[in-house]
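Here the structure comes first, spelled out in structure tokens, and everything after it is commentary.
Please treat every number below as a calculation from the coordinates, not as lab data. Not measured: the values here are computed from a predicted model. When we count neighbours, we look across all protein chains shown, and the Cβ atoms used for this are built from the backbone with ideal geometry, even at glycine.
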Amino acid sequence: MSKGIESRIVWIFSALILSIIFLFSSSVAEEEMKAEPIPIHMNFKESARFSPETSGDIERIAMEEKYSSHEQNPGGGTPVDTRNKGDWTKMGEWESDAVLFDITLSNVVFNLWWVEDPDDTDYDAALDLRWTIYLDGNEIYQFTDEEGRTCEETRDDPCEYAELPNVTFSNTDLIKGQIISLKVEMKAFQAIYIYYDNASRDSGMKVNANGVIFGNNIIKGQTISFDFIEAWPTRTDEATEGNYITLIVDGVELDNNQQEKGYPRIEDGAVYSINGTDFTSERITWFVDNEYAKMDKSIISFSYARKGSTTAEPTLINVADRLLTGTESGAEEEGILGLPGFELIIGILSLTLVSCYKREL
């Protein structure tokens with residue numbers, strides 16, 4: 001076989017091997033991501049927004065609003081007037097952003113921080129509530145609670161209403177671009193105050209939803225990085241400031257506000273594919289000051305609200321479950337460079353090509 005033909009065969013073989021590596025690496029880089037349902041609490045926010053985001057600022061004062069529905073019934077010959085609850089009175093309708101990818105909602109729980117008006121006539125409020133969920137403006141669910149709740153605490157120390165409805169909330173699909181909203185109405189014998197939009201007054205609605213996708217984790221030196229993608233974008237700096245998303249190392253939960261300067265570091269993470277669309281993830285990187293810590297045994301605690309919230313328990317993620325070690329970035333760089341034996345393959349091909357080139361000379 002002539003040297004020219006031999007070299008061409010080697011070049012073709014080399015190109016074929018590199019093409020196979022490239023195709024394999026591309027499939028790794030564009031790994032189709034899927035999410036498991038986790039508890040997500042949709043908070044009432046200022047300006048009638050509806051979002052998983054909870055303010056991480058413990059100094060932020062909750063929104064306070066007063067509502068009443070009652071009507072007076074004249075005494076009619078008796079010395080005392082009485083009241084009825086009147087008609088349903090709307091307290092607000094909060095609307096979400098459009099979802100960025102398809103998700104499914106289930107298992108709804110409603111909650112509201114409230115208190116009876118301490119300056120009103122001494123009636124028991126016997127509060128009734130009605131909750132109505134809309135999808136793109138169309139009603140899809142309604143729950144009416146006429147148990148007649150009371151709360152005689154102070155405005156500085158309101159009560160929390162949290163109720164799992166006795167009306168089944170069927171699995172509900174949200175298609176990319178759709179918007180969900182929640183209207184709340186009240187009836188009571190007495191005026192009430194409601195509170196929302198701060199760390200300790202997280203009124204809203206909890207659902208199970210596959211609205212957060214967890215990407216790869218990276219250990220590099222004394223740092224651990226965590227990628228995630230959200231159907232409803234939130235401010236990651238708020239979540240870290242409030243210690244809603246934290247790292248547990250050797251059984252100890254790290255305080256984000258006590259991290260070494262510059263950590264937790266928040267930045268764009270790897271690119272992942274969801275339903276055929278590429279998304280750039282959010283990345284949080286923590287510094288672990290104990291160089292002997294068992295980094296790969298660490299746990300990420302992910303929540304949208306303060307620890308101890310009755311409606312937003314954290315999801316625990318084992319770092320080792322999706323671990324990439326010794327890399328600066330995520331999934332998209334695990335393609336060619338992440339293939340086992342890649343350096344050896346390149347070395348052999350390089351030596352072969354050099355040898356053939358010299359023989360041709």
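A few points about this structure:
- Sequence-separation-based contact order of segment 211-328, relative, with Cα cut under 8 Å and 6+ spacing, percent: 33 percent
- Measuring r between the beta carbons of Asp237 and Asp173 and using R0 = 41 Å, the FRET efficiency lands at 0.85.
- Linear extension gain, Asp136 paired with Arg49, 0.36 nm per residue minus alpha-carbon span: 29.9 nm
- Annotation: the residues Tyr67, Tyr304, sorted from fewest to most other C-beta atoms within 10 Å of their own C-beta, follow the order Tyr67, Tyr304.
- Relative to the 2.2 N^0.38 Å rule of thumb, segment 38-209 has a C-alpha radius of gyration ratio of 1.12.
- Karplus-derived HN-Hα couplings along segment 224-233 (A = 6.51, B = -1.76, C = 1.60, θ = phi - 60°), whole Hz, x at Gly and Pro: 10, 10, 9, 9, 8, 10, 10, 6, 10, x
- The chymotrypsin sites (Phe, Trp or Tyr not before Pro) found in segment 239-301 that occupy coil by DSSP, while having at most 14 further C-beta atoms within 10 Å, are Tyr292.
- Restricting segment 110-189 to GluC sites (Glu not before Pro) in coil, as DSSP defines it, with at most 14 other Cβ within 10 Å: Glu152, Glu153
- FRET E, pair Gln258, Tyr123, Förster distance 56 Å, beta-carbon r, rounded to 0.05: 0.70
- Stretchable slack from Glu147 to Thr310, in nm (0.36 nm times residue separation minus alpha-carbon distance): 56.6 nm
- Here the gap between Ile248 and Gln72, fully extended at 0.36 nm per residue and compared with their Cα-Cα distance, gives a gain of 57.7 nm.
- Sparsely packed trypsin sites (Lys or Arg not before Pro) within segment 162-212, loop by DSSP, other Cβ within 10 Å at most 14: Lys176
- Close amide-amide hydrogen proximity is noted between Ser69 and Ala188, each under 5 Å apart and 5 or more residues distant or on a separate chain (H modeled in the peptide plane; Pro and chain starts excluded).
- The 3J(HN,Hα) values that the Karplus relation (6.51, -1.76, 1.60; θ = phi - 60°) gives for segment 286-293 are, in residue order, 9, 9, 9, 6, 8, 5, 9, 5 Hz. Gly and Pro appear as x.
- Selected from Ala191, Ala98, Val115, residue furthest toward positive end of dipole (segment 78-193; charges at beta carbon): Ala98
- Hits among lysines - C-alpha to C-alpha of Lys297 under 19 Å, sequence gap 8 or more where chains match: Lys220
- Other residues with beta-carbon under 12 Å from the beta-carbon of Val108 carry, at +1 per Lys or Arg and -1 per Asp or Glu, a net charge of 0.
- For Ala209, residues with placed amide H under 5 Å, excluding near neighbours: Ile38, Ile40
- Computed over the alpha-carbon pairs of segment 211-328, the distance histogram in 10 Å steps reads 13, 49, 32, 6, 0 percent, short to long.
- Alpha carbon Rg of segment 107-151, scaled by the compact-globule rule 2.2 N^0.38 Å: 1.48
- For Ala191, nonlocal amide neighbours, meaning residues 5 or more places apart or on other chains whose placed amide H falls under 5 Å from its own, are Asp117.
- Links that overshoot a 25 Å alpha carbon limit, given the list Lys206/Lys307; Lys66/Lys307; Lys187/Lys307: Lys66/Lys307; Lys187/Lys307
- Residue-count net charge about Glu163 - beta-carbon cut-off 14 Å; Lys, Arg +1, Asp, Glu -1: -2
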